[in-house]
RNA sequence: GCCUUUGUGGCUCAGUGGUAGAGCACUUCCUUGGUAAGGAAGAGAUCGUGGGUUCAAUUCCCACCAAAGGCUCCA
């Protein structure tokens with residue numbers, strides 16, 4: 001007998017060789033039907049695998065992430081079985097589960113799968129699922145596995161086998177499909193009731209662009225059809241939030257072939273948002289002791305040799321233009337220009353920390369396939385600043401920058417983000433990173449300490465640092481689930497030295513300043529792209545391109561409306577009159593759909609009372625309000641940015 | 001950059017080897033109506049660009065341009 005510890009802490013005795021499924025059945029048949037896998041001593045196992053020693057035990061169903069992962073991983077095997085049946089000779093690489101669904105990478109040789117074929121593969125998968133074939137696990141010796149795949153001429157699985165230890169190799173078989181797989185799997189294919197293959201894509205073998213490109217099929221499956229329907233609705237909702245769609249509908253930005261890829265044109269409504277953001281940044285930075293500067297968009301090659309951008313960053317810069325034998329580059333960053341301002345006059349320790357701020361325009365030659373709406377562009381406006389400080393001042397300065405992030409995020413109600421401490425990879429010193437191993441260690445520790453002392457939750461990631469130092473990135477996700485860095489706070493221990501920057505210390509000795517690069521509002525492009533999705537186009541009053549639409553009941557009240565409009569404008573409120581000869585219901589509908597925060601409905605009653613009937617976006621009719629009162633209340637909300 | 005897909009009026013989308021259609025938006029007229037779509041008429045597209053095949057191409061082929069999804073999540 002073996003002792004099995006249940007999740008509630010109870011210990012029960014079972015025969016050696018009992019399976020998780022047996023235990024589930026002993027509890028209830030209904031439960032057993034839902035079991036996808038089991039967690040044995042913290043490890044996910046097939047529910048049909050015999051238990052041979054004392055262990056802790058938990059059943060996994062669709063409600064557990066680990067259960068879902070098992071379900072999707074097994075679904076990848078069903079997809080592979082379908083593809084193998086339809087495309088003989090196909091070779092498979094790996095087929096892992098994702099946060100939402102799964103994929104399988106495969107080499108189809110000369111064969112081709114198009115989107116039209118996906119439905120056929122889905123049909124085949126449904127057929128295989130209905131057969132309710134069991135997933136059978138076999139342990140297999142490495143030699144045997146190698147000869148099996150050598151015979152199949154499958155270089156991909158042989159490659160995987162190279163890194164596996166003998167004695168830990170397992171095959172899984174369902175129906176006619178056998179795969180090298182660690183498992184675990186769901187009991188049988190019949191649990192998969194709803195299948196959707198979502199897309200087909202190329203993916204480099206092992207993620208290396210020098211390798212062969214494999215075909216990757218993505219799909220998602222569910223234990224019932226209703227969940228699939230809900231998933232489809234959710235995807236459609238996410239698409240409605242996509243900043244590319246809302247941005248066009250609201251006249252925020254556009255692209256034009258003659259201007260170029262990744263070069264957004266900011267339309268009047270988008271420009272208002274930009275100006276409100278800059279106003280916020282300038283106010284905040286003024287209070288925080290920043291000084292504003294303005295610098296050119298181009299600079300000579302020599303400056304980028306000094307800065308190190310040319311050796312480390314050239315691929316991301318537009319190629320140079322040559323004038324009278326001198327090369328000029330469009331700036332990809334503002335820092336070198338700011339360093340030159342630091343260096344323009346002798347500096348004393350009394351001037352530090354010196355904080356230079358600019359909403360700088362930068363140009364980056366991103367690969368064409370990486371461009372993505374406003375989130376990834378080639379022309380960007382950065383909420384940039386550089387703080388020159390002593391080592392002693394570094395902690396306070398870095399912390400103050402973090403506080404500024406938090407303040408901004410509160411204004412915008414941003415709560416779904418992850419702070420990421422991005423570290424260098426020692427193996428890439430001298431290539432991707434400046435070759436100063438000691439300084440890397442020292443500054444990484446400094447940044448980590450600031451985060452810990454400030455009690456900010458964060459994750460650490462290797463090989464994501466800037467070439468000149470570690471950084472903290474704020475990671476966010478777009479409506480369709482892509483991850484981006486929204487804001488960044490970077491340490492730079494390298495450029496001070498490279499630019500020979502120095503200040504006179506209290507001991508009257510030259511010292512090299514530490515530099516903090518920071519962009520709490522990121523770039524206009526990415527930040528506004530993010531805000532469009534975050535608010536689904538329904539901007540708060542203060543930043544909304546149009547704040548009030550005045551809706552006359554009929555054009556008899558037009559003069560009164562014009563009077564209100566003039567009052568709003570003289571109070572700095574952005575307003576328009578809907579002067580179309582439409583019914584009020586129509587005007588309201590169109591204004592609601594255009595996401596205008598405030599509507600003033602104006603008829604005879606309002607005109608007589610010197611009032612408006614207030615309607616707030618999404619909240620409906622608010623009743624009659626005196627014009628002077630509503631203007632005062634709006635002005636307060638706009639000033640408070642609520 | 002690479003793989004797959006797409007490219008028809010401002011937007012969403014039909015359609016065809018014989019030079020195009022709908023809805024919304026737009027313009028004009030009628031309507032002056034009290035909290036999410038009033039009615040009528042009208043204008044608007046050399047079907048992404050360039051080449052090829054053909055008597056004839058928006059439709060078939062090729063190239064280019066642009067867009068979308070993916071190329072990180074290691075059996």
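Of note:
- One residue from A:629, A:621 being free of Cβ contacts under 8 Å to residues at least 60 places away in the same chain, surrounded by fewer than 14 Cβ atoms within 10 Å (Cβ to Cβ) and in contact with a strand residue (DSSP E or B) (Cβ under 6 Å, 6 or more places away or on another chain): A:621
- Sole exception among (1) within 16 Å of residue A:78 (Cβ to Cβ); (2) at pLDDT below 90 for residue A:155, by number: (1)
- Selection status of residue A:396, within 26 Å of residue A:453 (Cα to Cα) and outside any strand (DSSP E or B): yes
- The residues of region A:78-92 that are within 32 Å of the chain's Cα centre (by Cα) and under 18 Å from residue A:134 (Cβ atoms), listed by number, are A:78, A:79, A:80.
- Residues located in region A:400-433, provided they are over 23 Å from the mean Cα position of the chain (by Cα) and either over 24 Å from residue A:641 (Cα atoms) or modelled with pLDDT under 90 (or both): A:426, A:427, A:428, A:429, A:430, A:431, A:432, A:433
- Looking at region A:24-142, the strands (runs of 3 or more DSSP E) lying wholly inside it that each contain 2 or more residues that are touching a helix residue (DSSP H, G or I) at 6+ places or on another chain (Cβ under 6 Å) sit at A:37-40, A:55-60, A:101-107.
- Any hit, region A:306-315, residues being on the phi > 0 side of the Ramachandran plot, surrounded by fewer than 18 Cβ atoms within 10 Å (Cβ to Cβ) and more than 16 Å from RNA strand B (Cβ to nearest atom): yes
- Region A:222-234 - residue that is buried (at least 16 other Cβ atoms within 10 Å of the Cβ) and assigned to a helix (DSSP H, G or I) and, of those, farthest from RNA strand B (Cβ to nearest atom): A:228
- Residue identified as in the same structural domain as residue A:131 (by TED's automatic domain parsing), in contact with a strand residue (DSSP E or B) (Cβ under 9 Å, 6 or more places away or on another chain) and surrounded by 20 or more Cβ atoms within 10 Å (Cβ to Cβ) among A:90, A:83: A:83
- When region A:348-390 is filtered for residues that are part of a strand (DSSP E or B) and over 18 Å from residue A:296 (Cβ atoms), the ones remaining, listed by number, are A:348, A:354, A:355, A:372, A:376, A:383, A:387, A:388, A:389.
- Output for region A:565-586, where each listed residue is within 13 Å of RNA strand B (Cβ to nearest atom), over 21 Å from residue A:250 (Cβ atoms) and in a helix (DSSP H, G or I): A:584, A:585
- Condition check for residue A:125: in the same structural domain as residue A:196 (by TED's automatic domain parsing) and more than 21 Å from residue A:225 (Cβ to Cβ): no
- Top-ranked residue of region A:376-388 - restricted to ones that are more than 14 Å from residue A:333 (Cβ to Cβ) and crowded, with 23+ Cβ neighbours inside 10 Å, ranked as nearest to RNA strand B (Cβ to nearest atom): A:377
- The helices (runs of 4 or more DSSP H) found wholly in region A:235-347 and carrying at least 2 residues that are over 30 Å from residue A:541 (Cα atoms) occupy A:301-307, A:309-313, A:335-342.
- Only listed residue being away from RNA strand B (no atom under 16 Å from the Cβ) and either surrounded by fewer than 18 Cβ atoms within 10 Å (Cβ to Cβ) or more than 25 Å from the chain's Cα centre (by Cα) (or both), chosen from A:354, A:371: A:354
- The single residue among A:531, A:514 that is under 25 Å from residue A:288 (Cβ atoms) and out of contact with any strand residue (DSSP E or B) (no Cβ under 9 Å at 6 or more places or on another chain) turns out to be A:531.
- Total residues in region A:246-261, condition near RNA strand B (Cβ under 9 Å from one of its atoms), closer than 23 Å to residue A:591 by Cβ and either without any contact (Cβ under 8 Å) to a residue 12 or more places away in the chain or touching a strand residue (DSSP E or B) at 6+ places or on another chain (Cβ under 8 Å) (or both): 2
- Beta carbons closer than 7 Å, at least 6 apart along the sequence or on distinct chains, pair a first residue in region A:45-58 that is closer than 17 Å to residue A:189 by Cβ with a second that is at pLDDT 85 or above and assigned to a strand (DSSP E or B) for A:46/A:37; A:46/A:137; A:47/A:19; A:47/A:37; A:47/A:38; A:48/A:19.
The values are calculated or read from the model by the stated rules, or taken from the named source; none is laboratory data. All of these numbers come straight from a predicted model, not from anything done at the bench. We place every Cβ from the backbone using ideal geometry, glycine too, and count neighbours over all the protein chains shown.
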